[in-house]
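Okay, so here's the structure we're looking at.
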Amino acid sequence: LSHNGDFESLEGYASSAGLLLNDQLGLWLERVLHLPNATTGDSPKLAGLVQLLRVQGRWAAAVRLAYLRAVCRLPTDVSAGEPLSGAAPNSFPAPAHWERVWAPLFEAAWVEHAAAVIRPLDDAGSSSPHRRPSGSHSSPASAPHMGHFSTSGGGARNGGSARYALNLRGISALRDALVSQLASAEARERLHEGAGAWEASTVHALVHHAVRGFLRADLTTALTEALSRAHGSFGVQCHCTLEPGVVVLGCKGQPMGIAFSDSLPLVLFGSEAAALHVAVRADGQPLTRQLDLDETGEVVRLGPVDALEQGRFTRDWRKPAATGARVHTYGLVIGGGRLQPRAYSL
């Protein structure tokens, strides 16, 4: 992740005490992630926040984030109620707790319900009811991972991965199964000390957020939430090893532009206009087309066509600076056909 601007604070929770200044956010993330933070800058905090929020396909990370959303009420819940400081204790469960205690429960339910949740699509984007994700009824290790699953004889265009949609009835059945397993106070207490006292609404919220995160919280969703909660100015780009070939760009109070060509396999992006006008072609000319993100707040994903069918949320028309012609950015393929942008307004 690289960031141009100032990350001042984060709206962590609803109350006034939930606003985390940058240094407090670093101390909070140290406890949640169980990772040291020796830096004083704001970009590492933003990187840690995106790491926390990017949970698609990982049950331990998804349940950890759901716990922060559904169970915790204040930033000091991770420091045994003491004000966040270098000397404050860390009362938040370690990563092994989520991996060894909670993830197996959710993974087992996922293996049982995956075939009903994932709806494979053919190359035209239509449902393929007779083609199931490989491993959907086998061991957890071979169960399909969100964001990517393999097919036998698929012929998918997405770099060997098939595209898919999510079945809402299947998601509802998965949630119901998990809530049923957590309905007993004794069962919850065996998983987590104090969980036996949770109200039913807390259990439902935990399951809802864990399932939604596991299914949808990719890098784009993570950066979108991070910037929507953040105060300051941002021109940011980030990559993730879990999504090779993808870069997510975001801006809020800062410019961010994308330069591209209809034919060249090259895309430039940056918060400085001069960076987009450098000579890159054999004739000494720059890339001829440009899209500027909305400085009031926007996030754009650039990468191979997303495996998960997201649907169309808005009629997003743009006027690239070089041509003045209107371009519908939904489904626009750039960079020699290798990249497809997906944009969200903040």
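With the other protein chains left in place, how much accessible area per residue, in square angstrom, belongs to region 42-91 at a 1.4 angstrom probe?
Counting only protein heavy atoms, the per-residue value for region 42-91 is 35 Å².
Taking 0.36 nm per residue of separation and subtracting the Cα-Cα distance, what length does fully extending Cys72 through Thr202 add?
Stretched out fully, the Cys72 to Thr202 stretch lengthens by 45.8 nm.
Please work out, to two decimal places, the log10 of the ratio I(q)/I(0) at q = 0.15 Å⁻¹ from a Debye calculation in which every Cα of region 18-102 carries one identical scatterer.
Those come out to -0.52, one per q.
Quote to one decimal, in nm, the extra length available between Ser228 and Thr296 on full extension: 0.36 nm per residue of separation minus the C-alpha distance between them.
23.4 nm
Taking a virtual spin label 7 Å from the Cα of Ala80 along the C-beta vector, which residues in region 14-37 bring their backbone nitrogen under 20 Å of it?
27-37
Once all Cα-Cα distances of region 160-262 are split into 5 Å bins that start at 0, what whole-number percent is in each one?
Result, from short to long distances: 2, 10, 14, 14, 13, 13, 13, 11, 6, 2, 1, 1, 0 percent.
Keeping every protein chain in place, order Arg119, Arg289, Arg73 by accessible area at 1.4 Å, biggest value first, i.e. largest first.
Heavy-atom accessible area, descending, gives Arg73, Arg119, Arg289.
Measure off 7 Å from each Cα along the Cα-to-Cβ vector at Ala187 and Thr39, then give the distance between these two points in nanometres to one decimal.
Computed distance between label sites Ala187 and Thr39 equals 4.2 nm.
To the nearest 20 debye, what is the magnitude of the charge dipole of region 218-298 about its Cα centre, counting +1 on the Cβ of each Lys and Arg and -1 on the Cβ of each Asp and Glu?
The calculation lands at about 120 debye.
Can you figure out the FRET efficiency of Glu11 with Val179, using R₀ = 41 Å and their beta-carbon distance, to the nearest 0.05?
The pair Glu11/Val179 has a calculated efficiency of 0.90.
Tell me, what is the FRET efficiency for His239 and Asn90 to the nearest 0.05, using R0 = 35 angstrom and their Cβ-Cβ distance as r?
0.75
What is the Cα radius of gyration of region 34-78 over 2.2 N^0.38 Å, N being its residue count?
Region 34-78 yields a ratio of 1.27.
The values are calculated or read from the model by the stated rules, or taken from the named source; none is laboratory data. As the structure is a prediction and not an experimental result, all values here were calculated from the model. Heads up, the Cβs are rebuilt from the backbone with ideal geometry, glycines too, and the neighbour counts pull from every protein chain shown. All accessible areas refer to the heavy atoms of the entire protein, side chains included, with ligands and DNA or RNA removed. Shrake-Rupley method; radii C 1.70, N 1.55, O 1.52, S 1.80 Å.
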